[in-house]
Amino acid sequence: MHIAINGWFYDQESTGSGQYLRHLLANLRKAAPEIELSLILPPHIQHPADLPTAINVVRAANSRSPAKASGRVAKVFFEQRSYPRLARQIGADIAHVPYWGTPMACPVKLVTTVLDVIPLLYPIYSRGLLTSLYTSLVSSAARGSNHIITISETAKVDIEEQLRIPAESITVTYLAPAERYHPHIGAENDEAVRDKYDLPERFVLYLGGFDWRKQVNELLLAYTYVGEADGDRFPLVIAGREPAYDDRLFPNLREYCRRLNIEDYVQWTGFVDEADKPALYRLADVFVFPSRYEGFGLMALEAMASGTPVVTSDAIVFEEVLEDAAFIVNNAREMAGAIIALLIQKPLRDTMINQGLALASNYSWRKTAEETLEVYEQVMRN
């Protein structure tokens, strides 16, 4: 069996699609060394130095691309033309697109991983003609896949409803924290990471995006209560590259922070290197992930695997994936109460840490790869 995998996101390790692609490739090779794996790359990605061994690399030519190599139009051209054509040329049995970027026509059997359908659930993410057209294109194309993979039962229900794809054509394969997310592995570098980002001795952490869905504003509102109680001892560290705030898709969090008068308790780190994230989780006293919607919510599981207690919103996927190992709350006031409780009640904190570690150990990329292989075999049989 020869699998040709779309590698558009291989060089974007900090994105969910990039992480999924990298971990899936590495673990497919471990789980099934007998299958042939080819990674088809767009022109702007050179041969990756960190690619697992025994994976073929095929690069699309640049000469016919209608736009600069990594631009939006070039991405569509690669997805719709270059990738399916090369999958056929190399004799692949299955073309696997590991993100929602399905070609409308594919000359070999096609598997698509749809991590979520956020642009359909929340129209604010489909603003603009080009974005709306792209969403329509990949929505229609996904229905032509031989099989769909997704990452939670929550996402599966949304795919059924939004894309009108029958349940029997969708398989759930959960994600997992990487092995480096651990209470002790690599901990000897934690203080160097603390110095690098000028982190306080103790703190509450948010790490992630800043778009409307992430609800960082709810966390800031919660800190009006936490700050009054113990903001000097436990400031809020907000980590991640901030966008150009536009007040709609990206609410102006800096301005909101000023209006709430909590600037003395909030520290913004900016971009965090991927290699530093395990240390950041370990150094934090509490990790808060207030997102309104996630396809899976991997960052919360990464924090648990690192030995840090987690507070999340009541998004359905957190109840599915995190179960009772996270402190799940309904609003900013409850969020503040959960944070304060985890900071000052050691028995509760220890219980949540142990439950989080136990839960995180149930997820593995090896299992994800094995379940993906079962999908490939099912597609070949059919």
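Side notes on the structure shown:
- Mean Cβ neighbour count within 10 Å, used as a protection proxy, ranking 13-20, 239-246, 169-176 highest first: 169-176, 13-20, 239-246
- Full extension of the segment from residue 1 to residue 49, taken as 0.36 nm per residue of separation minus the current Cα-Cα distance, would add 14.8 nm.
- Net lengthening on full extension, residue 13/residue 184 (0.36 nm per residue, minus Cα-Cα): 59.3 nm
- Pair-distance distribution of the chain: all C-alpha pairs, bin width 10 Å, starting at 0; shares per bin in whole percent are 5, 22, 31, 25, 13, 3, 0.
- For a straight C-alpha distance cut-off of 12 angstrom, the aspartates and glutamates reachable from residue 346 (same-chain residues fewer than eight places away being disregarded) are 285.
- For the stretch 149-239, the Kirkwood hydrodynamic radius from C-alpha pairs, put into Stokes-Einstein at 37 °C and a viscosity of 0.692 mPa s, yields a diffusion coefficient of 193 µm² per second.
- Accessible surface computed residue by residue for the chain, with neighbouring protein chains in place and a 1.4 Å probe, gives 43 Å² per residue.
- Residues of type lysines that residue 196 reaches as a straight line, Cα spacing below 20 Å, ignoring anything fewer than 8 places off in the same chain: 277
- Cα centroids of the stretch 248-309 and the stretch 119-170: 27 Å apart.
- Note on the chain: helix-only mean residue ellipticity at 222 nm, from DSSP H runs of 4+ residues weighted -39500 (n - 2.57) and normalised by residue number, equals -12000 deg cm²/dmol.
- Global geometry of the stretch 283-359, whether rounded, prolate or oblate, following the gyration tensor of its Cα atoms and the 1.5 cut on a/c: oblate
- The coefficient of translational diffusion for the stretch 76-144, derived via Stokes-Einstein from the alpha carbon Kirkwood radius under 25 °C and 0.890 mPa s, stands at 195 µm²/s.
- Whole-angstrom Cα spans of the stretch 153-196 along principal axes, big to small: 50, 18, 10
- Shown for the stretch 213-279: the carbon plus sulfur share of the solvent-accessible area, taken with all protein chains present and a 1.4 angstrom probe, equals 39%.
- Straight-distance crosslink candidates among lysines, where the alpha carbon sits under 29 Å from residue 109 and sequence neighbours closer than 8 are dropped: 30, 75, 156, 367
- Stretched out straight at 0.36 nm per residue, the stretch from residue 72 to residue 191 would grow longer than its current Cα-Cα span by 38.9 nm.
- Kirkwood hydrodynamic radius of the stretch 48-166, from the reciprocal of the average inverse Cα-Cα distance over all distinct pairs: 15.5 Å.
- For the chain, a crude dipole built from +1 on the beta carbon of Lys and Arg and -1 on the beta carbon of Asp and Glu, taken about the Cα centre, is about 1560 debye to the nearest 20.
The values are calculated or read from the model by the stated rules, or taken from the named source; none is laboratory data. Remember, it's a predicted structure, so these values are computed and weren't measured experimentally. Heads up, the Cβs are rebuilt from the backbone with ideal geometry, glycines too, and the neighbour counts pull from every protein chain shown. Note: areas computed on protein heavy atoms with side chains; ligands, DNA, RNA excluded. Shrake-Rupley method; radii C 1.70, N 1.55, O 1.52, S 1.80 Å.
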